[in-house]
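Right, one structure below, let's go through it.
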Amino acid sequence: MTATMPKVSITGTLGKAESKVVGVVLQEALTDLIDLSLIAKQAHWNVVGPHFRSLHLQLDDLVADSRQFSDAVAERAAALGISPDGVRAPSPNPPRNSLRDTCPITRSSHSS
């Protein structure tokens, strides 16, 4: 026997127009936070140099925090009846100022 959750309608003080705006903002925040966690993990894998350990640990914290915040944002969206989507929609004209464009991470040789 499979238990099912009853469907509960969530009511709030936001009108349809306001809910749509909030949904767009939450969706953008969600994809930005996911991007941030991926960029931080990429940096984490490529840290070199004399401050390796401290940077490595700080990047671990940043990844954990951004994942926790993305979960909170997605759950807030779902609570408002908005289906969260963790994948940024492809665009024919991608934004030039996305996190991935402004933070290219590659391993380079370190000279000290």
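The values are calculated or read from the model by the stated rules, or taken from the named source; none is laboratory data. Since we're looking at a predicted model, the values are computed, not measured. Every residue, glycine among them, receives a Cβ derived from its backbone with ideal geometry; neighbour counts consider all protein chains shown.
The rows are residues; the columns are (1) under 13 Å from the mean Cα position of the chain (by Cα); (2) in a helix (DSSP H, G or I); (3) at pLDDT 85 or above.
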position	(1), (2), (3)
Arg67	yes, yes, yes
Glu75	yes, yes, yes
Ile82	no, no, yes
Pro90	no, no, no
Asn97	no, no, no
Ser111	no, no, no
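What pairs come up if the first residue lies in the range 42-59 and is free of Cβ contacts under 8 Å to residues at least 60 places away in the same chain and outside any loop (DSSP other than H, G, I, E, B), the second is of a type in the set (D, E, K, R) and surrounded by 17 or more Cβ atoms within 10 Å (Cβ to Cβ), and their beta carbons are under 9 Å apart, counting only those six or more places apart or on different chains?
Final answer for the pair search is Leu59/Lys41.
Which condition breaks for Thr2 when tested against (1) at pLDDT below 95; (2) crowded, with 17+ Cβ neighbours inside 10 Å?
(2) is the only condition that Thr2 fails.
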